[in-house]
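In what follows, a structure is listed as structure tokens, so that the remarks can point back to it.
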Amino acid sequence: MEDRVAARPPDAPLIEIRNLAIHFRTRQHQFRALSGVNLTVGRGEAVGLVGESGSGKSITWLAALGLLGPRARVSGEVLLDGRDLLGLDETAITGVRGREIAMIFQDASSSLNPLRTIGSQIRESLRHHWGMDRNTAHAEAKRLLDRVQIPFAAQRLKDYPHQLSGGMNQRVMIAIALAGRPRLLVADEPTTALDATVQAQILDLLDELRRDTGMALALISHDFGVVAENCDRVVVLYAGRVMENAQNSEIFIRPAHPYTRGLLAAIPDSAGERTRPIRGSVPEPWSPPPGCVFEPRCDFARPECRAAQPPLASPAGATAMHRSACLRRDEMATATARQEMVAS
Amino acid sequence: MTDLLVAENLVRHYAVRLPGGLFGRQAVLKALDGVSFSLRRGRIVGESGCGKSTTAGLSIDLIPPTSGRTLLDGEPIAGTDDARWRRQRRDMQMVFQDPLSALDRRIPVGRQVMEPLLIHGLGDRAEREARARAVLGNVGLQPHHFDRYPHELSGGQRQRVVLARALTLNPSVLVCDEPVSALDVSIQAQVLNLLERLQAEFDLAYLFISHDLKVVRQISHDVAVMYLGRIVEQGPPKRLFEQPEHPYTRMLVDAVPAVLGGGRRFRRRIQPRGEPPNPIDVPTGCPFRPRCPLAQQLCMAERPTLERLPDGQLVACHAAHGRIPGPLARTA
Ligand SMILES: Nc1ncnc2c1ncn2[C@@H]1O[C@H](COP(=O)(O)OP(=O)(O)O)[C@@H](O)[C@H]1O
Ligand SMILES: [Mg+2]
């Protein structure tokens, strides 16, 4: 594995998701929840994944880690340093979880075991990943709690999750994730349940850890503000497809997809301006529209948009990294985000 | 213009037993600790901070207060089930966050919108149905939605049904507790715009509760920020968001992540620190003191009361009133 890393160019992405598709079979329906998703995360990069609930943000990463269960059929490739994770057997993928890619979730308090102390849960993770003996694991657990800025770490190790606040439990989850020294941390709505002032502290902590350790961060959020402040690049998902993918400096200034524009206009901004909603609602995954998935809600749709899902491509005048899945991407990218565009 | 809904010094304490089995100690949780506000017809008051939902419940008498009272149109809200109380209950309606749990999944939504009329014995069946159809139209739903079941509707449509049900009785006050928090951003904006339109159309007053400051700012005429069961600052949204006086308001406003000109941006004036303490262990003096960068001796000794600044802004902070130094101090 080590020599394979050395053989790859240093600027090759850490993670390369290629043409990922996920089908689910439930009692009532059989449907495709994710279609043709391409996505990369560079070493040490912070990538934001935005989209409304049900757009496929979580399942993308659950699929990468083989956590979707037997009802899901996954196709495509998830390359970690060139190695496809989707083909791995259970033993091999277990070695990836936590060690290469760690994941934290929205509800930290229920992800922790209520019957065991914080300390024993971190130590277990350390023993599992590194085979540390009890004393070494104890010292390392204390160091990790210090690292996630939990005051009085030595005492807190003896606490149970219910004795800590939601924000502190999320810090504990981060400490457990750090125990495996992962190269990528996937944070799935890590601050959604928290008070705004606590949310800001957790996001600052994640950013600091990323800068200090060189670990990459995939930040999943439904809040554009959160990814704008904490990521270098943003991927916008809608109904299981990538709508737009660009550096922050481009996507928030010249969004090149009507859905991105719509989302930005729907956020009440800090000046208290009136918002413009996107009409209609997300299609049911088992009855997607025939052409572009966003077409039924799009103010800029034309007849040709009903023919097929447009591929991702760079709008004229944008960098090659900026990609939009809209036939009218060139026009879109000429108007700034706050500029009203006239539908025609 | 007289105030429609007035809350006077509302207090709600709960006796709780702290964890620790047999040895758990009894304690008092001060969910609400002396909250007063008033709501004029056609006004919207937003709230943000700790103690919000308790305020909602108390202000329309869903939860009995430990002390204090609420007046509707100058009359105290009756504590008993008499004619006045029923009239008052009709006049104040509540809209909750989670539309799915607020609706009965076994009954078509049209019938659920008719239900309040049935409970209050208003109209005959045909009149009730006509009223329900009209209100569903008011909230932007189609006639065919009348016979649908809740699970057949999207989240935004369900929230519209909940709103329609609250509106059937033609109330003057709507207490909305996180009415858009469960909705996606694009749908959230639809419901917010609808709330604004209904307010103008029916001359409604809203007590609008949300943890999302951006939403509160958009919809409110007047905003109260709560911390540990008390209002710490209150005023018009522009003043409150652009020139926050209380260090907690400032910390909150600064913490709101924003999409600004496309860059990563760290523009916090006050670095957020600490977390709200357990409401059982409210610190002495100013409850915000342990997290406050301006705290002095006085803040430990004396709890600041909500007082007016010269421009009318209400603030409960010694620094804001110039009693201790601080970047926010001003000479009164
Ligand atoms: N285990 C599962 N079985 C069936 N459908 C699922 C399962 N997990 C997720 N889905 C469906 O996949 C889609 C994407 O889900 P998810 O990734 O959780 O969305 P997001 O994280 O963006 O809110 C949704 O339509 C969801 O209902
Ligand atoms: Mg999710």
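A short reminder: the numbers here are calculations on the coordinates, not readings from a lab. On a predicted model such as this, the values are computed, not experimentally measured, just so you know. Reconstructed Cβ throughout: ideal geometry from the backbone, glycine too, with neighbour counts over all protein chains shown.
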Label-point separation (nm) for B:Ala78 and A:Asp84, each offset 7 Å from Cα along Cα-to-Cβ? 7.5
About the Cα centre of region A:2-235, what is the dipole size in debye to 20, counting +1 per Lys and Arg Cβ and -1 per Asp and Glu Cβ, all else neutral? 680
In angstroms, what radius of gyration and Dmax does region A:1-139 have, counting Cα atoms only? 17.3, 52
Taking the Cα of A:Arg143, stepping 7 Å toward and past its beta carbon, and measuring to each backbone N in region A:194-215: which are under 11 Å? none
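Using square roots of five times the C-alpha gyration tensor eigenvalues, list the equivalent-ellipsoid semi-axes of region A:43-99 in whole Å, biggest first.
20, 16, 10
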Of B:Val315, B:Val215, B:Val256, the most mobile residue in a GNM of chain B (C-alpha springs, cutoff 10 Å) is B:Val256
Quick check on region A:73-119: what are the equivalent-ellipsoid semi-axes from the Cα gyration tensor, as sqrt(5λ), descending, whole Å? 28, 12, 10
If I measure Cβ to Cβ between cysteines in chain B, which ones have no partner under 4.7 Å? B:Cys50, B:Cys176, B:Cys292, B:Cys317
What distance in nm separates the simple spin-label points at A:Asp107 and B:Leu122, each placed 7 Å from Cα in the Cβ direction? 3.7
Can you tell me which of A:Ala316, A:Ala141, A:Ala228 moves the most in a GNM of chain A? Springs connect C-alpha atoms under 10 Å apart. A:Ala316
Taking 8 Å as the Cα distance limit and 6 or more residues as the minimum spacing, I'd like the relative contact order of region A:2-235 as a percentage. 27
Take A:His257, A:His222, B:His145 and order them by how many other Cβ atoms sit within 10 Å, fewest up front. A:His222, B:His145, A:His257
Which value, in Å to one decimal place, does the Kirkwood hydrodynamic radius take for region A:180-308 when every pair of different Cα atoms is included? 16.6
Could you tell me how far the Cα centroid of region A:47-97 sits from the Cα centroid of region B:124-161, in Å? 41
Longest site-free stretch - chain A; sites: trypsin sites (Lys or Arg not before Pro), DSSP loop, at most 16 other Cβ within 10 Å: A:159-273
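How many lysine pairs does the protein assembly as shown hold where the Cα atoms are under 18 Å apart and the two sit 8 or more places apart or on different chains?
For the protein assembly as shown, the number of qualifying lysine pairs is 4.
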Dipole of the protein assembly as shown [Lys/Arg +1, Asp/Glu -1 at C-beta], most positive-end residue of A:Leu327, B:Gln157, A:Pro296: B:Gln157
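Output the Kirkwood hydrodynamic radius of region B:190-240, Cα pairs only, in Å rounded to one decimal. All intermediate terms of the calculation are to be shown ahead of the outcome.
Working: mean 1/r = 0.0842 Å⁻¹.
That comes to 11.9 Å for region B:190-240.
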Mean residue ellipticity at 222 nm from the helices of chain B, using -39,500 (n - 2.57) per DSSP H segment of n ≥ 4 over the full residue count, to the nearest 500 deg cm²/dmol? -9000 deg cm²/dmol
At a Förster distance of 25 Å, what's the computed FRET efficiency of A:Asn135 paired with A:Leu115, Cβ-Cβ distance as r, to 0.05? 0.60
Cα centroid of region B:272-332 to Cα centroid of region A:236-266, whole Å: 42
What length, rounded to one decimal in nm, is gained on full extension from A:Asp232 through to A:His29, with 0.36 nm per residue of separation minus their alpha-carbon distance? 69.3 nm
Distance from the Cα centre of region A:176-204 to that of region B:58-121, in angstrom? 40
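How crowded by other chains is B:207-218, given as the mean number of beta carbons from other chains within 10 Å of each beta carbon?
Per-residue shielding by partner chains comes out at 3.
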Please rank A:Met332, A:Met173, B:Met300, fewest neighbouring Cβ atoms within 10 Å first, as an exposure proxy. B:Met300, A:Met332, A:Met173
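Less than 9 Å Cβ to Cβ from A:Ile22, Lys/Arg counted +1 and Asp/Glu -1: what total charge do the surrounding residues give?
+2
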Find the Cα radius of gyration of region A:174-213, compare it with 2.2 N^0.38 Å by division, and give the number to two decimals. 1.18
Filter the chymotrypsin sites (Phe, Trp or Tyr not before Pro) in region A:248-314 to those in DSSP coil with at most 16 other Cβ atoms within 10 Å of their Cβ, and list the result. A:Trp286
Listing A:Phe24, B:Phe202, B:Phe288 from the residue with the fewest other Cβ atoms within 10 Å to the one with the most, what is the order? B:Phe202, A:Phe24, B:Phe288
List the chymotrypsin sites (Phe, Trp or Tyr not before Pro) in region A:99-156 that DSSP assigns to loop (not H, G, I, E or B) and whose Cβ has at most 13 other Cβ atoms within 10 Å. Which are they? A:Phe152
Going toward the positive end of the dipole of the protein assembly as shown, with +1 on Lys and Arg Cβ and -1 on Asp and Glu Cβ, which of B:Ile219, B:Pro236, A:Leu34 do you reach last? A:Leu34
Just check region B:35-134 against the gyration tensor rule for me: Cα atoms, a ≥ b ≥ c as the square roots of the eigenvalues, rounded for a/c under 1.5, and otherwise prolate or oblate depending on whether a/b exceeds b/c. prolate
Would you mind working out the magnitude of the charge dipole of the protein assembly as shown relative to its Cα centre, with +1 at each Lys and Arg C-beta and -1 at each Asp and Glu C-beta, to the nearest 20 Debye? 480
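Hey, got the average number of other protein chain Cβ atoms within 10 angstrom for residues in A:227-233?
Counting Cβ atoms of other protein chains within 10 Å of each residue's Cβ and averaging gives 4.
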Shielding of B:177-185 by partners, i.e. mean partner chain Cβ atoms within 10 Å per residue? 3
In deg cm²/dmol, rounded to 500, what helix-only [θ] at 222 nm does chain A give when every DSSP H run of at least 4 residues adds -39500 (n - 2.57) and the total is split over its residues? -9000 deg cm²/dmol
From the P(r) of chain A, could you give the percentage of C-alpha pairs in the tail past 30 Å? 40
With a point put 7 Å past each Cα toward its Cβ, work out how far A:Leu67 is from B:Gln271 in nm, to one decimal. 3.1
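For chain B, what class follows from the C-alpha gyration tensor (a ≥ b ≥ c being the square roots of its eigenvalues): rounded when a/c is under 1.5, otherwise prolate if a/b is larger than b/c, else oblate?
The shape class here is prolate.
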Considering only region A:2-235, what is the antiparallel percent among its DSSP beta bridges, to the nearest 5? 50
Once the dipole of the protein assembly as shown is set up from charges on Cβ (+1 Lys and Arg, -1 Asp and Glu), the residue from the list A:Cys305, B:Ile324, A:Leu62 lying farthest towards its positive end is A:Leu62
Can you tell me the Rg and the Dmax, both Å, for the Cα atoms in the protein assembly as shown? 26.5, 83
